[in-house]
Amino acid sequence: MKKIGFYQGCCFQGPDAHMFDTLKKVFSDLGVELKLLEKTTCCGGNTIDEANKYLVYSINARNIAIAEKEGLDLLVSCNTCYMVLAKTKHALDNDPRLRDEINKLLAEEGLEYKGTAKIWHLLPYLLEEVGIEKIKKKVKRPLSGWKIATYYGCHIKYPKEVAVVDSEDPKGLEELISALGGEPIKDYEGKDVCCGYHAYYTNKEVSLKKVVKAPQGAKKAGAEVLVTPCPLCFKAQDIYQDMAQADEQKVPSIYLPEILAYALGYDPKEAGLTYHIIPLSKISVNIPPAG
Amino acid sequence: MATAGKEILKGGFRMSQEKVVLKVYRYNPEVDEKPYYREYEVPTEGVQTLLDALFYIQENLDPTLSFRFFCRAAVCGSCAMKVNGISRLACKTPFKKLVERANGRPITVEPLNFLNTVKDLVVDHDKPFENLKKLQTWCEPKQPIPEKEYRVSPEEVKEYERPTNCILCFACYGSCEAVMDDPKYAGPFAFSRVYKYVLDSRVDEDHKRQMVKNAMEVGDIWSCVQCQKCIYVCPKGIRPAEDIQNVRGKAAEYGFKEYPGVKKVQHFVDWVYATGQINRLALPEEVYGVDPTPLINKFKERGAEVWEVPKPLPGLLEFRDLILEVMKEKKPHLDIDFHHVRRIDKKVEEIFKADVCTKVVEQFEEQREDFFSRFWKKISEFFGAR
Ligand code: SF4
Ligand code: SF4
Ligand code: FES
């Protein structure tokens, strides 16, 4: 069994605590133990940067140092957390003075940022460390007939120094969806349009205009659902899309670990699919919402 | 077709027989009813940049094709266009790489997004230039004007070196997610420029404040979705998305507390200090004054367990120390609101005492005394230091 440090960020709180259970089980099925690093904190959500960039570097150096102390790499299951952590790593690895300054602060807690831990985003980890073949073998409920639009989200594509996929032609999700027996739809209008998540609390109107673009394009291209490796894109496409357009226009979105869980044979509730605001009951497989 | 490039391109390149198709956007508003695309075959070898490829077309295949250029060296900013959907400077884009990437498919060349077409690949720059003026991005000198000159330290110059390099090519504007959905949005480059003047010690303080206010009210800076595309496409390594974060921080520092975005940052700073986490269920209330109960109920109807506040992390006190230490050394744009933190603390204690997380409560109980004495010590230190 492989083992990796797990960074939870703010994704698994509120109504979403179950998402972590799903993730943990899926990874364990795939031969990876997620060691939850309980002391890690919110990355600042690319927002504390507005108050104090240095603080963002400090708290994320701390987050990384916590993994390093246990001798583990860090697995991050959110695009934005990934970007913020990777930007910190990039800054500290390229600026010894900054690293030394911050290490002085971390020393109080007995921590040190060394730069030895690799920061993995969920998607490349699944592709490179787990491997498509292994995933394929574990599939118990192939997604036959599912037409699935792949949606990568911004923060694993840009900026360049932290991108984990080809920024101009991202790949990997399609291969994964095919491995699960589904039919990936890669090219559709709006596939590269931002989900709008981060503008919801700065300018709601813009956010609600953005969030419908990818779903609308996906629908036109014949997709029934969207799949994304980012829990924030998922939340935007689930909650904000629900506010932004009429029922018949809505396209349900699924967070990557959920669809993995479903294809690996978990019941829809265990996979987290029954908790969605935009229910999966109108698609051909018909997964009714709970309750 | 003959490869007659030899006398056409500078430096007398030898052209290969192999060709790639360029699918080029054509539109002359004076005669064409609507835009159309024309395909041209361009040799794959011997053409250095995309700009060279356009010259090849103009001089060998179609003299009516219009595009803008001047310096040919990524300095003047006039040749930005969209190549396979991505904003680039034609003179800085190696043709070979485009050909490799195209892998036999046509390469699409179009004018920048969100700007009016003058003709073909030439766009009208008036709007973004106008936006700069509206934001008043210029230097109103700080008074009194020194007799000899303003002294500027090298460290200061380094701070705004990056935004100073902007060549106003508008590649960022043509890629911007906020421009796409908010016609009022001034554009990434415009806010980088605001930030540059805000950092400049020679600029009058009132004018800085005015520029930040303009950025919000005239330029809609809060519409930025932080997609980072502007950073990706900028040919000069400017990082507008991050400059935007700094201008927003300045807005908080100047006390523009009524903006949702400022309330959002306050939420992040306070909750992360208080619990190590933000609280997504408290955001609607704290930013928009909207009761989140209907949404929470939807999740409950679906059987989801809902946590009202995030579980405080183990080692919270050390984490708080770290935050206070950092804030003491690097003055933040926005301070922690300790009244808010106290309210959060109370809520956390109420909930976790009565609820699941006994571990945390125990830890709280054990450290309670220690906690409060350290807490107040830190706060007095913190304020004492300012
Ligand atoms: S980060 Fe903001 S300014 Fe930059 S392209 Fe995206 S929306 Fe536009
Ligand atoms: S910020 Fe970069 S991309 Fe934008 S106008 Fe300036 S140089 Fe061009
Ligand atoms: S021609 Fe001047 S920047 Fe390209």
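Based on Cα contacts under 8 Å between residues 6+ apart, segment B:126-253 shows a relative contact order of 35 percent.
Rounded to the nearest 500, the helix-only mean residue ellipticity at 222 nm of the protein assembly as shown stands at -12000 deg cm²/dmol, with each DSSP H run of n ≥ 4 adding -39,500 (n - 2.57). Using C-alpha pairs under 8 Å with a sequence gap of at least 6, the mean separation divided by the residue count of chain B gives a relative contact order of 11 percent.
Taking every protein chain into account, the accessible area of segment B:2-123 amounts to 52 square angstrom per residue (probe 1.4 Å). Determine, from the Cβ-Cβ distance of B:Arg151 and B:Lys96 and an R0 of 41 Å, the FRET efficiency 1/(1 + (r/R0)^6), rounded to the nearest 0.05. It comes to 0.30.
The phi-based Karplus calculation (6.51 cos²θ - 1.76 cosθ + 1.60; θ = phi - 60°) puts the 3J(HN,Hα) values of segment B:36-48 at 8, 10, 10, 9, 10, 9, 10, x, 7, 9, x, 10, 7 Hz, whole numbers, x for Gly and Pro.
Rounded to 0.05, the FRET efficiency of the A:Lys35 and B:Val21 pair, given R0 = 51 Å and the Cβ-Cβ distance, is 0.45.
Counting only DSSP beta bridges whose two residues both lie in segment B:2-123, roughly 85 percent are antiparallel. Along the axis of the charge dipole computed for the protein assembly as shown (Cβ charges of +1 for Lys and Arg, -1 for Asp and Glu, origin at the Cα centre), the listed residues B:Cys76, A:Leu180, A:His155 are led at the positive end by B:Cys76. Under a model in which nothing but the beta-carbon of Lys, Arg (+1) and Asp, Glu (-1) is charged, segment B:260-364 shows a dipole of about 220 debye around its Cα centre.
Which of rounded, prolate, oblate describes segment A:40-100, given a ≥ b ≥ c as roots of the alpha-carbon gyration tensor eigenvalues and a/c under 1.5 marking rounded, otherwise prolate only if a/b is larger than b/c? Oblate.
Taking only protein heavy atoms and a 1.4 Å probe, the accessible area of chain B is 49% carbon and sulfur.
For A:Trp146, the residues whose modelled amide H falls within less than 5 Å of its own, excluding neighbours fewer than 5 places apart on the same chain, are A:Glu183.
Pick out, from B:Gln228, B:His207, B:Leu295, the residue whose Cα sits farthest towards the positive end of the charge dipole of chain B, with +1 on the Cβ of Lys and Arg and -1 on the Cβ of Asp and Glu. In chain B, that residue is B:Gln228.
For chain A, the relative contact order is 16 percent, taking Cα pairs closer than 8 Å that sit 6 or more residues apart in sequence and dividing their mean separation by the residue count.
Near A:Lys35: Cβ cut-off under 9 Å, other residues only, Lys/Arg at +1 and Asp/Glu at -1. The net charge is -1. Of the accessible area of segment A:64-123, computed with a 1.4 Å probe over protein heavy atoms only, carbon and sulfur atoms account for 46 percent. Other residues with beta-carbon under 12 Å from the beta-carbon of B:Leu61 carry, at +1 per Lys or Arg and -1 per Asp or Glu, a net charge of -2.
Once you have a ≥ b ≥ c as the square roots of the Cα gyration tensor eigenvalues for segment A:236-291, tell me rounded if a/c is under 1.5, and otherwise prolate or oblate according to whether a/b is larger than b/c. Prolate is the answer for segment A:236-291, as a/c is 1.5 or above and a/b outweighs b/c. Under Stokes-Einstein, with the Kirkwood radius over Cα pairs standing in for Rh, what whole-number D in µm²/s applies to segment B:126-253 at 37 °C and 0.692 mPa s? Reported coefficient: 223 µm²/s. Restricted to Cα atoms, chain B shows a radius of gyration and a Dmax of 27.7, 88 angstrom. The distance separating the Cα centre of segment A:79-111 from that of segment A:190-216 comes to 31 Å.
Across B:Phe170, B:Phe319, B:Phe189, mean-square fluctuation computed from a Gaussian network of chain B (C-alpha pairs under 10 Å connected) peaks at B:Phe319. Summed over the residues of segment A:2-122 and divided among them, the accessible surface reaches 30 Å² per residue at a probe radius of 1.4 Å. Under a model in which nothing but the beta-carbon of Lys, Arg (+1) and Asp, Glu (-1) is charged, segment A:139-282 shows a dipole of about 220 debye around its Cα centre.
Over all orientations, the protein assembly as shown has a Cα convex hull whose mean projected area works out to 33.3 square nanometres. What GluC sites (Glu not before Pro) does segment B:22-119 have in DSSP loop regions with at most 14 other beta carbons within 10 Å? Taking segment B:22-119 and a limit of 14 other Cβ atoms within 10 Å, the loop GluC sites (Glu not before Pro) found are B:Glu30, B:Glu33.
Taking Cα atoms only, the orientation of helix A:53-69 departs from the longest principal axis of chain A by about 90 degrees. For A:Lys186, the shell of other residues with beta-carbons less than 9 Å away shows a net charge of 0, using +1 for Lys and Arg and -1 for Asp and Glu.
Accessible surface buried at the A:B interface totals approximately 6200 Å², computed with a 1.4 Å probe on protein heavy atoms. Summary of the geometry: segment B:315-354 and segment B:50-99, compared by the centres of their Cα atoms, lie 53 Å apart.
Taking θ as phi - 60° and the Karplus parameters 6.51, -1.76 and 1.60, the scalar couplings of segment A:43-50 work out to 7, x, x, 6, 10, 4, 3, 5 Hz in sequence order, x denoting glycine and proline.
Of the beta bridges in the protein assembly as shown, as assigned by DSSP with both residues counted there, near 45 percent are antiparallel. The distance linking segment A:1-60 with segment B:138-210 is 36 Å (Cα centroid to Cα centroid, whole angstrom). With a simple spin-label model that places each label point 7 Å from the Cα along the Cα-to-Cβ direction, the separation between A:Lys114 and B:Glu39 comes to 5.7 nm.
Whole-Hz Karplus values for segment B:162-175 come out as 4, x, 5, 6, 4, 9, 6, 8, 6, 4, 5, 4, x, 10 Hz, taken residue by residue from phi with 6.51 cos²θ - 1.76 cosθ + 1.60 and θ = phi - 60°; glycine and proline positions read x.
Only one residue of B:Leu283, B:Phe189, B:Ala178 has its Cα farthest out toward the positive end of the dipole of chain B, where Lys and Arg carry +1 and Asp and Glu -1 on Cβ, and that residue is B:Phe189. Looking at segment B:151-213, the trypsin sites (Lys or Arg not before Pro) that sit in a DSSP loop and have at most 12 other Cβ atoms within 10 Å of their own Cβ are B:Arg151.
Against chain A, whose longest principal axis comes from its Cα atoms, helix A:17-29 is set at around 90 degrees. Please label the shape of segment B:260-364 as rounded, prolate or oblate, based on the square roots a ≥ b ≥ c of the eigenvalues of the alpha-carbon gyration tensor (a/c under 1.5 means rounded; beyond that, a/b larger than b/c means prolate, else oblate). Since a/c reaches 1.5 but b/c is at least a/b, the shape of segment B:260-364 is classed as oblate.
Apply the Debye scattering formula to segment A:2-122, with a single equal point scatterer on each alpha-carbon and no solvent, then give log10 I(q)/I(0) at q = 0.15, 0.17 Å⁻¹. Values returned for q = 0.15, 0.17 Å⁻¹ are -0.64, -0.81. The angle separating the long axis of helix B:188-199 from the principal Cα axis of greatest extent in chain B is about 60 degrees. When only the Cβ of Lys, Arg, Asp and Glu is charged (+1, +1, -1, -1), the dipole of the protein assembly as shown relative to its Cα centre reaches about 820 debye. How big is the antiparallel share of DSSP beta bridges in chain B, given as a percent to the nearest 5? Counting only bridges with both partners in chain B, antiparallel ones make up about 85 percent.
The values are calculated or read from the model by the stated rules, or taken from the named source; none is laboratory data. Just so we're clear, the structure is a prediction, and the values are computed from it rather than from any experiment. As a convention, Cβ positions derive from the backbone with ideal geometry for all residues, glycine included, and neighbour counts pool all protein chains shown. Just so you know, the surface numbers come from the protein's heavy atoms only, side chains and all, with ligands and any DNA or RNA stripped out. Shrake-Rupley method; radii C 1.70, N 1.55, O 1.52, S 1.80 Å.
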